[in-house]
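Structure record follows, encoded as structure tokens.
The values are calculated or read from the model by the stated rules, or taken from the named source; none is laboratory data. Quick caveat, the model's predicted, so the values are computed rather than measured. Because the Cβ atoms are built from the backbone with ideal geometry, glycine has one as well, and the counts that use them run over all protein chains shown.
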Amino acid sequence: MFSIELKNLRFFSAHGIYEEERVLGNLYCVNCTVAFTEQERIIERIEDTVNYQRIFEIIRDRMNNPTPLLETVCMKIGQDIHQTFPQLKSIHLSIEKEHPPVEGLEGAFCVIWNKEYH
């Protein structure tokens, strides 16, 4: 089994249910791990693996599309990745909102989505 990770992808996006979030935007950090079963032969061509540049593009496109709930963003990213790479056995995604507009909060909020495929 192979895993490919995209780590600490940073985006400035306008996700949120509150108008303030949609107007001001926020910093987000996305992590994504995908897993697939390798072929019997050594991987020597991009067609034999999962193109992490394409995964980044999928994540970037969804992060640039303002959406009220991060859960929705996570699930849509996952669905788009799996549609592009149906050979995946699992997808693990996390999206962290680095500065949520909650008075007195020092820290971040994070949603995590895991999906196994058979």
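Of the residues in the range 40-49, none is within 14 Å of the chain's Cα centre (by Cα) and either under 21 Å from Asn114 (Cβ atoms) or of a type in the set (Asp, Glu) (or both). Only strands (runs of 3 or more DSSP E) whose full extent lies in the range 1-114 are considered here, and the ones with at least 3 residues that are in contact (Cβ under 8 Å) with a residue 40 or more places away in the chain, surrounded by 13 or more Cβ atoms within 10 Å (Cβ to Cβ) and of a type in the set (Val, Ile, Thr) are 26-36. Of Thr49, Thr72, all but one fail to be more than 17 Å from Glu5 (Cβ to Cβ) and among the β-branched types (Val, Ile, Thr); the exception is Thr72. Scoring Glu71 on the criteria (1) among the charged types (D, E, K, R); (2) over 11 Å from the mean Cα position of the chain (by Cα); (3) closer than 19 Å to Phe11 by Cβ leaves a single failure, condition (2). Among the residues of the range 4-49, those that are more than 17 Å from Glu71 (Cα to Cα) and basic (Lys, Arg) comprise Lys7, Arg10, Arg41, Arg45. Taking the range 81-118 as the search range and keeping residues that are of a type in the set (S, T, N, Q) and within 12 Å of the chain's Cα centre (by Cα), which one is nearest to Ser13 (Cα to Cα)? Per the stated criteria, the residue is Ser94.
Restricting attention to the range 1-58, the residues that are of a type in the set (Asp, Glu) and at pLDDT 95 or above total 2.
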